[in-house]
Amino acid sequence: MKTLIKYEFLKILRKKSTLIVMAVSLLLTAFLFGLPILQYQTYNQEGVIKGSEGIAYAKGQYSDLAVPLTEEYIAEMIREYQNLFENPDNVGYNGNEKFLIGDAYWEFVAPREKLLNAIAANYDAPGENTGLEKLPDLDMTNGAGFYQTREEKIEALLNMPSRKLSDAQKIYWSNMNSKVDTPLQYGYYGGWEIIISSFELFMFALLCVCIVIAPVFSGEYQTGTDAVILAGKYGKTKLITAKIISSFLFGVIAFTLHVFIACGLPLAAFGMDGWNLPLQIAGTTIPYPYTFMQAVLINLGVIYLILFAMIGLTLVLSANMKSPYVVLIVLVPVLFIPMFLTPNGTTGLYNLILFLLPYRATMPEISRYISYQFGGFVMDALAVRAIVYTILTAVFIPLSRLGFKKHQVSA
């Protein structure tokens, strides 16, 4: 059996088309995940700083910001920001809002702008985005009340009529949120931020694997070797198993190469810093009690399950269609049509199905409170995706076996 698997694996690997598709896909992945590095820029008083120099400068700004966000620290930060407005020379006005300018901006705001925006966003009402506009007017008499405000905002989010969440779903998300440890630890997380915001780009790697796997069965029909294979001693048993195992083996290896490039480039450029920081520093209402690394690994796990299901579907189509090109004509819409569909909420059949389709399912959607209810039982999107794609894989594998086994050889 091992010999058959090795033979089938090498048969896939040695094809010229495999090498071409893999080379193009790996280069495309490197370009897409390397683009944020090439385009990166930040600013200081002297102007724009680009590329690796800009990354190093931005990371240096965080040297004094790797601190726990205690109520006292946040209150001190807000008060210091408010005090700068007392000097008219520090204040600019554009007709709508007042903001800090000159040394007040470059010495206090600029090095802390991302942190200040994260703090300010916590005081916005659900759906509101006022930037730093609210900070000067916050009543600090009784302290910042940062975490109490966070709890109230999450409660308001869960009770928004437009979300149409059931009581069971509200309890589910409240319980998950209660597991978030406070005070939040702040720090630099540039590399992880890029990875989490770019997961949908793995669709090209998925397509690459499907293109290579498409001829596994249908290629035999095209060359006419199906008659020889199916007439052989192990043609309808061990050889089919070997083809399926080698397809999954190739898919896992090929996709893992893409993962190493996709994650390796941002982490090499921006550093591993922030792997153990909580997701909530990127958005205080995120309910998942994970660190950035945990979120990346969990979502990668889901994407691997999507990969398995797509390999399974490709094998089913390959076993039932006479041309690899017809297989791809079916697969490409399955993979990419959801790219052009936009959810109009987080509930309702249309949205819940859309969040499970391959393109959308690659996105972690960690801040959207997407949940599925089965009777009194509630699960979040990550868990449902894992279950759905595991079931699909388990269904597709025997269907691909059956499709090839029952294939009628042309006379």
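The values are calculated or read from the model by the stated rules, or taken from the named source; none is laboratory data. The model shown is predicted, which means the values in this text are computed figures rather than measured ones. Ideal geometry is used to build each Cβ from the backbone, glycine not excepted, and the neighbour counts take in all protein chains shown. Ligands, DNA and RNA are stripped out before the accessible areas are found, and what is left, the full protein with its side chains, is counted by its heavy atoms. Shrake-Rupley method; radii C 1.70, N 1.55, O 1.52, S 1.80 Å.
Values for this structure:
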item	result
FRET efficiency, 1/(1 + (r/R0)^6) with R0 45 Å, evaluated for I391 and N117 via beta carbons	0.60
Kirkwood hydrodynamic radius (C-alpha pairs) into Stokes-Einstein, region 20-171, 25 °C and 0.890 mPa s, D in µm²/s	131
Listed peptides 209-217, 256-264 by packing density, highest first (mean Cβ within 10 Å)	209-217, 256-264
Cα-Cα pairs of region 357-398 separated by more than 13 Å (percent)	60
Gain upon complete extension [E152, F340; 0.36 nm per residue less C-alpha separation]	64.2 nm
Hydrodynamic radius of region 251-304 per Kirkwood, over alpha carbon pairs, in Å	12.3
Cα Rg over Rh - the chain, Kirkwood	1.07
Computed FRET value (nearest 0.05) for K98 with E200, which takes r as the C-beta separation and R₀ as 35 Å	0.35
C-alpha center-to-center spacing [region 328-377, region 97-120] in angstrom	37
The chain: calculated mean residue ellipticity at 222 nm from DSSP helix runs of at least 4, using -39500 (n - 2.57)	-19000 deg cm²/dmol
Segment L399-A23, length gained on full extension (0.36 nm per residue, minus Cα span)	132.3 nm
The chain, dipole about Cα centre (Lys/Arg Cβ +1, Asp/Glu Cβ -1), debye to the nearest 20	3700
Surface accessible to a 1.4 Å probe, T42 within the full protein complex, Å²	30
FRET efficiency for F31 and R79, using Cβ-Cβ distance with R0 set to 45 Å, rounded to 0.05	0.45
Approximate spin-label separation E128-A268, in nm, with each point projected 7 Å along Cα-to-Cβ	4.5
Radius of gyration, Dmax [region 103-199; alpha carbons; angstrom]	16.0, 51
Candidate residues T182, T149: accessible-area rank, largest first, probe 1.4 Å	T182, T149
K59-Q39 pseudo-label distance in nm [points 7 Å out on the Cα-to-Cβ vector]	2.2
Spin-label pair N159/T70, simplified geometry with 7 Å Cα→Cβ offset, distance in nm	3.2
Highest average packing first - 28-36, 238-246, 352-360, Cβ atoms within 10 Å	238-246, 352-360, 28-36
Net length gained if the chain between T182 and V330 were fully extended (0.36 nm per residue, minus Cα distance)	48.5 nm
Distance histogram for region 48-97 (every C-alpha pair counted, 5 angstrom bins, percent rounded to whole numbers)	4, 14, 13, 15, 15, 23, 14, 1
Prolate/oblate/rounded label for region 256-372 (Cα gyration tensor, a/c 1.5)	oblate
DSSP-loop trypsin sites (Lys or Arg not before Pro) across region 1-46, with at most 11 other Cβ within 10 angstrom	R14
